[in-house]
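The values are calculated or read from the model by the stated rules, or taken from the named source; none is laboratory data. Remember, it's a predicted structure, so these values are computed and weren't measured experimentally. In this analysis, Cβ positions are derived from the backbone assuming ideal geometry, glycine residues included, and neighbour counts consider all displayed protein chains.
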Amino acid sequence: MNDTAPINLLLVDDEAGLREPLAEYLARQGFVVREAESAAVARSELLDFTPDLILLDIMMPGEDGLSLCRHLVEARKLPVILLTAKGEATDRIIGLEIGADDYVVKPFEPRELVARIRSVLRRAARPAEQVHDDTPYGFEGWQLDPLKRKLTDPDGTVVSISTAEFRLLRAFLDHPKQVMDRDRLLDMVQGREAHLFDRAVDNQVSRLRRKIERDSRNPTFVLTVRGGGYRFAADVRRIKAGQD
């Protein structure tokens, strides 16, 4: 992103008493802001407008913010910061799992929101840690096809995994036998500031273990490193075309 270009935001919130003054504040900070009072209006705005980042309320009448977030992340590849109420912890976790970059809890300090916006945009502008190829991974009879996002167990059964679980497993498979601390995993998997929600990694590791470990309480693939994070202990290979 050109540092001199204006930053375009789409603010989606059905509560006019929050949305309108927040839009005015953000405009005073130099952002170009469009407003939408519902997911339907947001989708209409996006027909002729591509924002640099979307501020998205979770609880809205009609289509909720989580449904819209999934569309924005998967179809439009747009950065999203969720605006959530204090009691919406489960929804925040779901939002992060489907790819939201960050969240703020209402009521929030507008200056903090501006800092979060700039932080997310800086990360979005950074080149990826590495360029992935789509060659399938193999480990202990398991296969992960990154192009199809398909995980297959040693018996050939497809195991359903969420977007966040896929990203976490791929991070481990790209760095086998290495100790990966929570900060690094969060940056790779969630694309957000690690200190904001560091238990997200622990939650995702627990879910992933339940999918791939024979006994998730005594894991042999994803090992906990005391004081260090996690290490993927299995041997990993890339499966070229024509190989089993």
Scan the helices (runs of 4 or more DSSP H) fully inside the range 1-81 and keep the ones with 2 or more residues being in contact (Cβ under 8 Å) with a residue 60 or more places away in the chain.
-> 16-28
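I'd like to check something: does the range 17-26 contain any residue that is touching a Lys or Arg at 6+ places or on another chain (Cβ under 8 Å) and either buried (at least 17 other Cβ atoms within 10 Å of the Cβ) or over 19 Å from ALA85 (Cα atoms) (or both)?
Let us first name the residues in the range 17-26 that are touching a Lys or Arg at 6+ places or on another chain (Cβ under 8 Å), namely 18.
Narrowing the set further to residues that are either buried (at least 17 other Cβ atoms within 10 Å of the Cβ) or over 19 Å from ALA85 (Cα atoms) (or both) leaves none.
For the range 17-26, residues touching a Lys or Arg at 6+ places or on another chain (Cβ under 8 Å) and either buried (at least 17 other Cβ atoms within 10 Å of the Cβ) or over 19 Å from ALA85 (Cα atoms) (or both): absent.
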If you check ASP155 against the conditions, is it farther than 21 Å from TYR230 by Cα and at pLDDT 90 or above?
-> yes
